[in-house]
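Undergrad: Encoded as structure tokens, here's the structure I'll be asking about.
The values are calculated or read from the model by the stated rules, or taken from the named source; none is laboratory data. Everything quoted here is computed from the prediction, not taken from an experiment. Methodologically, a virtual Cβ is constructed for each residue, glycine included, from the backbone with ideal geometry; neighbour enumeration extends over all protein chains shown. Please note that ligands, DNA and RNA were not included when accessible areas were found on the heavy atoms of the full protein model with its side chains. Shrake-Rupley method; radii C 1.70, N 1.55, O 1.52, S 1.80 Å.
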Amino acid sequence: MNILITGGAGFIGSHIVDAYIRQGHRVVVLDNLSSGKRKQVPEQAVFIHGDILDGKIEEIFEREKFNAINHHAAQISVTHSVDNPVHDAEVNILGSLKLLQLAVKYRVKRFMFASTGGALYGDQETFPATEDHPRQPTSPYGLSKLAVENYLPYYQKTFGLATVALRYSNVYGPRQDPHGEAGVVAIFCKQLQRGERPRIFGDGEQTRDFVSVTDVVQANTALLSSDLSGAFNVGTGRETSVNDLARVLIGLAGTGVRPEHLSSRLGEQRRSAIDGGKLAGALGWRPRMPLEQGLLETYDFFRYQL
Ligand SMILES: NC(=O)c1ccc[n+]([C@@H]2O[C@H](COP(=O)([O-])OP(=O)(O)OC[C@H]3O[C@@H](n4cnc5c(N)ncnc54)[C@H](O)[C@@H]3O)[C@@H](O)[C@H]2O)c1
């Protein structure tokens, strides 16, 4: 297949690029490098330095005749979305709509959208959340993902574009940006490797569902080659507290430091876990990476990135 991967120089996108290339697909990466890195895109992929909001990208569609779009480019910071919801909506809603319009115009068959589980379900009523859990985002970032999800069935019904939303939980693994605010695993790894104490917001008993990027890639390869459409959770269903996460990583660092607790962040979700059973039932996808092993691989990756 000829596939466009937006955000393919970023953390998750670049791993998907690697996997699609390994499977023999032709891959074109479109990324403005606002957080992604050129060196994360393998040589076998065609790299285009460009912005999803730029009208000039139509030329790429005209030339390439893509079979599928895997859309991972986004403004990913919840804090930034609160501070600047207009910019968040421009990138995440309008940027996605422009790609959907181009997909229809140039007869792309399949559109895969990187959505979110945690930020979409908001303060969960049931654990782990299944896909029919009420979607009640508490941030503009979650709202922008919800807005795009709401457009997908319209494009599918009206234009026959097969659309899929992958609702990720907290993805972790090599290449995650440790300088941002989102990747707590990457942040703790870096803090420990600098000899600092991991800094935890609040009491640390807030929970997250940590899914390895290798499992996320498997979901993306399985869904690319299927004819399924709709929304799918991509998570483990397991809650891990931030304290437990810090404990495992401190063990890997072998330093015996104690985490430092800072005041809690306003509006932070207390618990989050999503159920991947729908994707398991449909395609046999399961999260296979044990958390401890995934954390070890991630810790080792950052050890060589100092
Ligand atoms: N990391 C997670 O835990 C997680 C959880 C849920 C959803 N997601 C979603 O997965 C996707 C990838 O996230 P990530 O963690 O790999 O983040 P990332 O920041 O590493 O990747 C995003 C990529 O998009 C690029 N980009 C941003 N704006 C762009 C624009 N206007 N035009 C072109 N390129 C642009 C960036 O340079 C970057 O390479 C995002 O859509 C994000 O919302 C991530």
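Undergrad: Only one of these conditions is not met by I69: (1) farther than 30 Å from S264 by Cα; (2) free of Cβ contacts under 8 Å to residues at least 60 places away in the same chain. Which number is it?
TA: Failing condition for I69: (2).
Undergrad: Now for a different question. May I ask you to list the residues in the stretch 231-250 that are closer than 29 Å to D18 by Cβ and out of contact with any Asp or Glu (no Cβ under 8 Å at 6 or more places or on another chain)?
TA: Across the stretch 231-250, the qualifying residues are L245, L249.
Undergrad: Out of everything in the stretch 283-293 that is open to solvent by 50 Å² or more (accessible area, probe 1.4 Å) and part of a helix (DSSP H, G or I), what residue ends up being nearest to E239 (Cα to Cα)?
TA: E292
Undergrad: So, one more: E90 passes all but one of (1) in contact (Cβ under 8 Å) with a residue 40 or more places away in the chain; (2) within 10 Å of the ligand (Cβ to nearest atom); (3) surrounded by fewer than 24 Cβ atoms within 10 Å (Cβ to Cβ); which number fails?
TA: (1)
Undergrad: Identify all residues within the stretch 16-34 that are open to solvent by 30 Å² or more (accessible area, probe 1.4 Å), touching a residue at least 24 places away in the same chain (Cβ under 8 Å) and over 20 Å from S77 (Cβ atoms); write none if there are none.
TA: If the condition is that a residue be open to solvent by 30 Å² or more (accessible area, probe 1.4 Å), touching a residue at least 24 places away in the same chain (Cβ under 8 Å) and over 20 Å from S77 (Cβ atoms), then D18, I21, Q23, H25, R26 are the ones that fit.
Undergrad: Looking at G160, G195, G173, can you tell me which residue is open to solvent by 20 Å² or more (accessible area, probe 1.4 Å), in contact (Cβ under 8 Å) with a residue 24 or more places away in the chain and small (G, A, S)?
TA: G195
Undergrad: Suppose we filter the stretch 180-192 for residues that are farther than 21 Å from G237 by Cβ and either touching a residue at least 40 places away in the same chain (Cβ under 8 Å) or within 11 Å of the ligand (Cβ to nearest atom) (or both); how many remain? Don't jump to the end; show me each part of the working.
TA: Of the residues in the stretch 180-192, the ones farther than 21 Å from G237 by Cβ are 180-181, 186-192.
Now restrict to residues that are either touching a residue at least 40 places away in the same chain (Cβ under 8 Å) or within 11 Å of the ligand (Cβ to nearest atom) (or both): 180-181, 186, 188-190, 192.
Counting residues in the stretch 180-192 that are farther than 21 Å from G237 by Cβ and either touching a residue at least 40 places away in the same chain (Cβ under 8 Å) or within 11 Å of the ligand (Cβ to nearest atom) (or both) gives 7.
Undergrad: Moving to a separate point now. For the stretch 35-54, name all the residues that are in contact (Cβ under 8 Å) with a residue 12 or more places away in the chain, surrounded by fewer than 18 Cβ atoms within 10 Å (Cβ to Cβ), outside any strand (DSSP E or B) and more than 7 Å from the ligand (Cβ to nearest atom).
TA: K37, R38, P42, Q44
Undergrad: I've got another one for you. Among the candidates R167, R135, single out the residue that is surrounded by fewer than 23 Cβ atoms within 10 Å (Cβ to Cβ) and at negative phi. Let's see the steps before the verdict.
TA: Numbers: R167 fails: surrounded by fewer than 23 Cβ atoms within 10 Å (Cβ to Cβ).
On inspection, the qualifying residue turns out to be R135.
Undergrad: Okay, moving on. Restricting attention to the stretch 86-119, which residues are under 17 Å from R63 (Cβ atoms) and touching a strand residue (DSSP E or B) at 6+ places or on another chain (Cβ under 7 Å)?
TA: Those that are under 17 Å from R63 (Cβ atoms) and touching a strand residue (DSSP E or B) at 6+ places or on another chain (Cβ under 7 Å): L99, A103, V108.
Undergrad: Then there is this: Could you tell me whether I5 is within 30 Å of Q305 (Cα to Cα) and open to solvent by less than 70 Å² (accessible area, probe 1.4 Å)? Give the derivation first.
TA: Values: within 30 Å of Q305 (Cα to Cα): yes; open to solvent by less than 70 Å² (accessible area, probe 1.4 Å): yes.
The answer is yes for I5.
Undergrad: Filter the stretch 59-83 for residues that are part of a helix (DSSP H, G or I) and within 14 Å of the ligand (Cβ to nearest atom); which is farthest from the chain's Cα centre (by Cα)?
TA: Within the stretch 59-83, the first condition is being part of a helix (DSSP H, G or I), and the residues that meet it are 59-64, 78-83.
Adding the requirement that they be within 14 Å of the ligand (Cβ to nearest atom) leaves 60, 78-81.
Numbers: I60: 24, V78: 13, T79: 16, H80: 16, S81: 16 Å.
Taking the candidates together, the pick is I60.
Undergrad: Another question, then. Given the conditions (1) within 13 Å of the ligand (Cβ to nearest atom); (2) in a helix (DSSP H, G or I), which single one is not true for L100?
TA: Only one criterion in (1) within 13 Å of the ligand (Cβ to nearest atom); (2) in a helix (DSSP H, G or I) is unmet by L100, namely (1).
Undergrad: Just to verify a result, which residue in the stretch 211-230, among those that are crowded, with 21+ Cβ neighbours inside 10 Å and in a strand (DSSP E or B), is nearest to the ligand (Cβ to nearest atom)?
TA: V211
Undergrad: May I ask you to list pairs of residues, at least six apart or on different chains, whose Cβ atoms are under 9 Å apart, with the first in the stretch 138-149 being in a loop (DSSP other than H, G, I, E, B) and the second being surrounded by fewer than 21 Cβ atoms within 10 Å (Cβ to Cβ) and among the β-branched types (V, I, T)?
TA: As it stands, the answer is S139/T79; S139/V82, since those pairs meet every condition given.
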